[in-house]
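*Asks:* Below: one structure in structure tokens.
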Amino acid sequence: MRGVWRRELALFRRYWASSSFASIIEPTIYLLAFGFGFGSLVGHVAGYRYVDFVGTGVVATATLFTSVFPGMFNTYIRRTYQHSYDAVLAAPVDVHEVVAGEASWIAVKSGVYSCAPILVSLAFGLRPDIGVIAVPIFTVLTAAGFALFGIWASTVVPSINSFDYIISGVLAPLFLVAGTFFPISGLPHWAHPIAHVNPLYHCVELVRHAVFGFHPLADLGHVGALVVFAALMWFLAVRGMRRRLID
Amino acid sequence: MAILLRDVVKRYTDRDGTSIAAVDGLTLEVPDGVCLGLLGPNGAGKSTTMRLLTAQSRADEGMINVLGHAIPREAKQARALMGVVPQTDNLDEELTARQNLEVFARLYRVPRAGVRAAVDRALEIAHLTGRADARADKLSGGMRRRLLVARGLVHSPRLVLLDEPTVGLDPQVRADLWGLIAGLRASGVTVLMSTHYIEEAERLADSCALMSHGKVIATGSPAELIADHAGDRVEEHEGSPERLAEVEGLARRAGLPTRRTGPTVSVLRAERISPSLADSLANGDRVVRRAANLEDVFVMLTGETVD
């Protein structure tokens, strides 16, 4: 796993500028557009200033996108076009170690980047609770699950174009039915159970509670949901990669 | 024994459900310190054999042992001791030559303190010291190939698997790589090299195994194989198609093997041509006399047509 990280670090030194730019600017634009665009209409949502509500919600969407996309595309490209994993598996490295290396790298990188919206929100008057220091823990955990989901998805799709189905059919609903831009209480009743099986919803809740005050029992449940999600995705990602790489 | 395969079978299931054996009862031994050339036409099962040795492909039947480790059970230990140079170029394009080697030094668990020395040594073997800081995608085809070899050597393995090391390269680059492989062999490393270039095997291999349809059909040193299957001398007869058929008929009736070599017919074991046969063969057409080579053996054993 350290070897996999070694490569990622070497690669990261090349693309950190563009990658950091995208990861920080994109949520900031969302934040400004929704926070101020809607904020001027809405004012307060679920007891929070709308700009604060969105500022915390955008943390979760940033976590989703900066983990699931590298999980899907990087692993797909490295496996099918670059054949990188064939070389790695000829060394004393097993499939689960490749998956652990890739997923943990993405999770840490994504988890750290996803905290950027909090910093931006601070500049716009967010006054967080001390719990805010726990946010990176929740984002890394969520990112690990979604990175593994992406890796698994990359082993399921027949071609790189098929990711469109996953992006539109799976990720877009996840992203909207999570209480990021509006609270799920605003959704019809039938949509509530869907939100509860959405890992992103649990991430949104945790981040918001970390910033505005924990609800210990509920938050334990949210952490549990994210752990179960990551564990299930780990199992599927390792199995999928093994099927694709070892014949 | 560095490599031992016994009665190994590997089947793939086709899209329409039919089962194809890529490796079909393969038995092969590679003694320590030997450079063994695995020869065979495309599709003979050479690459599958290589993947079986690293447990990237799992055999359906048979026994595999690499450097004393049972495969696939102890594949990880075996992989730590061997280097693999793949047929497809899978360098990290965006990393420099040095970084590519550093990554694999880590993957091969070279102790941290020894990484630098190991990388320098590998760069030197591959004559890439001067290009250490060039990105892989800026290197020429030949340099990339040498870097691939260096990557397989960065942990000083006892055994190296080379899968078609010079396929698609310029003659100069091939000669360069041959020098590199000969150097490896001289340093006592065991080498298993698959190739369909006969010349490559003749130059580099101590011993050859000819594969066809997933099994080994002949083994021996290049000289032994030539002596056993093609004899000493070859006569190549030119002529009209009718004349070629006639030469074939005459030679075969005398018990001599023949093969078509493009526009000519080669009569193998020409040293056994009797004076009377020589008379009937000689009718003024152009005849080229040459030494028998491994290509003659190859075609004799794997057939004239490629399927």
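Values quoted throughout were computed directly from the atomic coordinates according to the rules given, and no laboratory measurement underlies them. Being a predicted model, the structure only gives us computed values, none of them experimental. For neighbour counting, all protein chains shown are included, and Cβ atoms are generated from backbone atoms with ideal geometry for every residue, glycine included.
*Asks:* Lysine pairs in chain B 8 or more apart or on different chains: how many have alpha carbons under 28 angstrom apart? The partial results should precede the final answer.
*Replies:* Numbers: B:K10/B:K46; B:K10/B:K76; B:K10/B:K215; B:K46/B:K76; B:K46/B:K215; B:K76/B:K215.
Lysine pair count for chain B: 6.
*Asks:* Using only DSSP helix segments of four residues or longer, with each worth -39500 (n - 2.57), what per-residue ellipticity at 222 nm results for the protein assembly as shown after dividing by its residue count and rounding to 500?
*Replies:* Working: 24 runs with 285 residues, N = 554.
Value at 222 nm, helices only: -16000 deg cm²/dmol.
*Asks:* How many angstrom separate the Cα center of the range A:16-77 from the Cα center of the range A:173-210?
*Replies:* So the separation of the two Cα centres works out to 15 Å.
*Asks:* Still on this structure: Can you give the net charge of the other residues whose Cβ lies under 13 Å from the Cβ of B:M1, counting K and R as +1 and D and E as -1?
*Replies:* Once positives and negatives cancel, what remains is 0.
*Asks:* Quick check on the exposure proxy: order B:Y12, A:Y113 from fewest to most C-beta atoms within 10 angstrom. Please report the intermediate quantities before stating the final value.
*Replies:* On the way: B:Y12 14, A:Y113 23.
Ranking B:Y12, A:Y113 by Cβ neighbours within 10 Å, fewest first, gives B:Y12, A:Y113.
*Asks:* Could you go through the range A:206-212 in sequence order and give the Karplus-derived ³J(HN,Hα) for each residue, using 6.51 cos²θ - 1.76 cosθ + 1.60 with θ = phi - 60°, rounded to whole Hz, and x for Gly and Pro?
*Replies:* Going residue by residue, I get 4, 5, 5, 5, 4, 7, 10 Hz, with x marking Gly and Pro.
*Asks:* Summing +1 for each Lys or Arg and -1 for each Asp or Glu, what net charge is found among the other residues whose Cβ lies under 11 Å from the Cβ of B:E236? Intermediate results must be reported in sequence, preceding the final value.
*Replies:* Numbers: positive: B:R233, B:R259, B:R260, B:R286, B:R289, B:R290; negative: B:E235, B:E238, B:D285, B:D296.
Charge balance near B:E236 sits at +2.
*Asks:* According to the square roots a ≥ b ≥ c of the eigenvalues of the Cα gyration tensor, what is the shape class of the range B:63-171, taking rounded for a/c under 1.5, prolate for a/b larger than b/c otherwise, and oblate for the remainder? Could you put the intermediate results ahead of the total?
*Replies:* Working: a/c = 2.28, a/b = 1.39, b/c = 1.64.
Note, shape of the range B:63-171 comes out oblate.
*Asks:* Is the shape of the range B:165-307 best called rounded, prolate or oblate, per the rule: a/c under 1.5 gives rounded, else a/b larger than b/c gives prolate, else oblate, with a ≥ b ≥ c the square roots of the Cα gyration tensor eigenvalues? Please list the in-between numbers first.
*Replies:* Values: a/c = 2.31, a/b = 2.12, b/c = 1.09.
Prolate, because a/c is 1.5 or more and a/b exceeds b/c.
*Asks:* If a/c stays under 1.5 just call it rounded; otherwise compare a/b with b/c (prolate if a/b is bigger, oblate if not). Do that for the range B:18-86, with a ≥ b ≥ c from the square roots of the Cα gyration tensor eigenvalues. Intermediate results must be reported in sequence, preceding the final value.
*Replies:* Values: a/c = 1.74, a/b = 1.26, b/c = 1.38.
Verdict is oblate for the range B:18-86.
*Asks:* For chain A, what is the relative contact order in percent, using Cα pairs closer than 8 Å and at least 6 residues apart in sequence?
*Replies:* Values: 332 pairs, mean separation 66.3, N = 247.
For chain A, the relative contact order is 27 percent.
*Asks:* Tell me the net charge near A:H202. Cut-off is 15 Å between Cβ atoms, A:H202 excluded, with +1 for each Lys or Arg and -1 for each Asp or Glu.
*Replies:* On the way: positive: A:R208; negative: A:E205, A:D219.
Computed value for this residue: -1.
*Asks:* Give the distance, in whole Å, between the Cα centre of the range B:201-248 and the Cα centre of the range B:142-193.
*Replies:* After rounding, the separation between the Cα centres reads 26 Å.
*Asks:* Relative to the first principal axis of the alpha-carbon coordinates of chain A, what is the inclination of helix A:2-32, with its axis defined by its Cα atoms, in degrees from 0 to 90 and to the nearest 10?
*Replies:* Helix A:2-32 and the main axis of chain A meet at about 30 degrees.
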